[in-house]
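To start, the structure itself, in structure tokens.
The values are calculated or read from the model by the stated rules, or taken from the named source; none is laboratory data. The model shown is predicted, which means the values in this text are computed figures rather than measured ones. Using ideal geometry, Cβ is built from the backbone for each residue, glycine included, and neighbour counts are taken over all protein chains shown.
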Amino acid sequence: MTVQPMARPNPNGVLETTVFLPAFLEDNQIGVAKDPDYEARLLRRDPALAEALRYGNWSVFSGQAFREWVKERHTCKPFAVPEHWTRWRGVDWGYAAPWAVYWFAKNPDTRRVYVTREIYLAGITDPAQARMIRDKSEPGITYTFTFADPSMWAKDSSRDEVITTTDTYTRNGVILTKADNDHRSKMAKLHAILKDLPDGLPGLQVFEGMCPNLVRTIPALMTDPMHPEDLVDGQEDHAFDALTYGLTNWNDPFPEPGTKKAKPGRKASGFEQLIGGRR
């Protein structure tokens, strides 16, 4: 193993050369022999603390909502998306709080979903939002759906003409489809798409450098201690909302054995079958 010395200030501000030598339980065979039950006792502790102490993963913490997120595994180098892949978008509305938009593409062979670009801004008016989405989208590409925050259908009676944000988007060239806003459903979908597909890579990949706020905020989200299947209120969840709005019609193509099937409803459209993985 190659280690690189690093210069770090000590408590008095004086630079000293240090070397970090990571050590795992396997490296202490004498200790393991003397205390063979140590690992079992360690793993019975709080799962986040156990993972940090056992595997050196200090990015996890107690109450973390999406512990399976690993930046090195869930991000990939950007590439030119083939023209025949299905494309769509997800939008979480905001003005004082950030407005978030994500662009999606799906590989029809592996069923893997890629998040390719991001808008994450505050203080942008509705017409400007729609124009920015239109201008940032690749020319000549059909975005089959733009799933959006259901609040965008609320009527604004403060104007002379009673219209919705959806109306404004439509007038500026972006047609919206109302997204699923059930937090438990959204969390379940994100948990499912973060897991590995049969080829050993996660079902969701985010283009490196293209979606910094998504990569920053998803691993920081916390669950509600009273309702573990929901998020704590008041967090920076705009990227989560836009991402999971984009998963509105997504269904796990490889569900775990024994997973309950979705309740029967209307027949899925061709596009829903494409992004849901059904044939």
key: Subset tally (residues that are of a type in the set (Val, Ile, Thr) and part of a loop (DSSP other than H, G, I, E, B)) for region 232-256   = 2
query = Quick one: which of Tyr169, Tyr143 is at negative phi, modelled with pLDDT of 95 or more, out of contact with any helix residue (DSSP H, G or I) (no Cβ under 8 Å at 6 or more places or on another chain) and surrounded by 16 or more Cβ atoms within 10 Å (Cβ to Cβ)?
reply = Tyr143
note = Within region 245-258, of all residues that are under 9 Å from Phe147 (Cβ atoms) and not aromatic (Phe, Trp, Tyr), the one modelled with the lowest pLDDT is Asn249
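Okay, residues lined up against (1) assigned to a loop (DSSP other than H, G, I, E, B); (2) without any contact (Cβ under 8 Å) to a residue 24 or more places away in the chain; (3) under 24 Å from Thr144 (Cα atoms):
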residue	(1), (2), (3)
Val174	yes, no, yes
Asn181	yes, no, yes
Lys186	no, no, yes
Leu190	no, no, yes
Met210	yes, no, yes
Val215	no, no, no
Thr223	no, no, no
Asp230	no, no, no
ask   = What tally of residues in region 116-125 results from selecting those that are of a type outside the set (Ser, Thr, Tyr) and within 28 Å of Lys106 (Cα to Cα)?
value = 4
